[in-house]
Amino acid sequence: MERDAAIRLLTEHIEQDNLIKHCLATEAVMRHLARRLGFDEDAWGLAGLLHDLDYNATKDDMARHGLLTAEILEGLGMPPEIIGAIKAHNAENLGLTRRTPFDFALTAGETITGLIVAVTLVYPDKRIKSVKPSSVAKRMKEAHFARTVNREHIMLCEKLGLSLPDFVEISLSAMSDIDSELGLA
């Protein structure tokens, strides 16, 4: 699937601007991770972009989140490794086990976007390019800050051979590259 088609699919299923921005941020993080780790940048980017495709339909039943997306993408001929990673980002609710670097990357990558946005929004200028990686790492340790962000999911970066500081730096750089699209320029 080409990116333009994926964007159209995303906007057909998601209306909320903040959720679309989350998907764009996740795509950027996944592309940077793939590049750094030597994986398929397009596949990882598509997974990031489409991972929450069914969120509106499943937000009240997280035991289905990812399954509807899988059905949609299977019908479009999406490769199984992309579908598997998308389902694995909700592994706890689906009774699945994360096994592959792709699984760990999508779960950690989509989760850190929320922490980075939260840190950005407490900066006076609310510009992501002002955020220092050390500020994100510091806020990671503050359980009361962005308390809905699952720190254990972010720490799955270690399963990719990345330290938290490296992962934060990669993710922050990725999101900074698309700061205008995220409304954080």
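If the condition is being surrounded by fewer than 15 Cβ atoms within 10 Å (Cβ to Cβ) and farther than 20 Å from Arg8 by Cβ, then region 42-73 contributes Lys59, Asp60, Asp61, Met62, Ala63. Here Ser163 does not fit the description of being hydroxyl-bearing (Ser, Thr, Tyr) and either under 17 Å from the mean Cα position of the chain (by Cα) or modelled with pLDDT under 95 (or both). Filter region 138-160 down to the residues that are hydrophobic (A, V, I, L, M, F, W, C), surrounded by fewer than 18 Cβ atoms within 10 Å (Cβ to Cβ) and under 16 Å from the mean Cα position of the chain (by Cα) and list them by number. Selection gives Met155 alone.
Residue-by-condition table, conditions (1) within 19 Å of Arg98 (Cβ to Cβ); (2) not charged (D, E, K, R):
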residue: Met1; (1), (2): no, yes
residue: Thr11; (1), (2): no, yes
residue: Thr26; (1), (2): yes, yes
residue: Gly48; (1), (2): yes, yes
residue: His51; (1), (2): yes, yes
residue: Met62; (1), (2): yes, yes
residue: Glu71; (1), (2): no, no
residue: Glu74; (1), (2): no, no
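Is it fair to say Thr120 is in contact (Cβ under 8 Å) with a residue 24 or more places away in the chain and among the polar types (S, T, N, Q)? Yes.
The residues of region 134-182 that are within 18 Å of Leu121 (Cβ to Cβ), touching a Ser or Thr at 6+ places or on another chain (Cβ under 8 Å) and part of a loop (DSSP other than H, G, I, E, B) amount to a single one, Val149. Looking across Glu27, Glu41, Glu12, one residue alone is among the charged types (D, E, K, R) and farther than 26 Å from Val168 by Cβ. It is Glu12. Being assigned to a helix (DSSP H, G or I) and in contact with a helix residue (DSSP H, G or I) (Cβ under 6 Å, 6 or more places away or on another chain) is a property that holds for Lys87. Pairing residues of region 90-109 that are over 9 Å from Cys157 (Cα atoms) and touching a residue at least 40 places away in the same chain (Cβ under 8 Å) with residues that are part of a helix (DSSP H, G or I) and small (Gly, Ala, Ser), at Cβ distances under 6 Å and at least 6 apart in sequence or on separate chains, gives Arg98/Ala88; Arg98/Ala91; Phe102/Ala85; Leu106/Ala47; Leu106/Ala85. Restricting attention to region 2-60 and to residues that are hydroxyl-bearing (Ser, Thr, Tyr) and touching a His at 6+ places or on another chain (Cβ under 8 Å), the residue that is nearest to Ile154 (Cα to Cα) turns out to be Thr26. Ser176 fulfils the conditions (1) in contact (Cβ under 8 Å) with a residue 12 or more places away in the chain; (2) among the small types (Gly, Ala, Ser); (3) under 26 Å from Arg98 (Cα atoms) except for a single criterion, (3).
The selection criterion, being surrounded by 24 or more Cβ atoms within 10 Å (Cβ to Cβ) and part of a helix (DSSP H, G or I), holds for Ile116. Restricting the first member to region 26-41 and to residues that are within 18 Å of Ile112 (Cα to Cα), and the second to residues that are part of a loop (DSSP other than H, G, I, E, B), the beta-carbon pairs closer than 7 Å and six or more apart or on different chains are Thr26/His51; Ala28/Ile178; Ala34/Asp40.
The values are calculated or read from the model by the stated rules, or taken from the named source; none is laboratory data. Just so it is clear, the model here is predicted, and its values are computed rather than measured. Note that we place each Cβ from the backbone using ideal geometry, even for glycine, and neighbour counts take in every protein chain shown.
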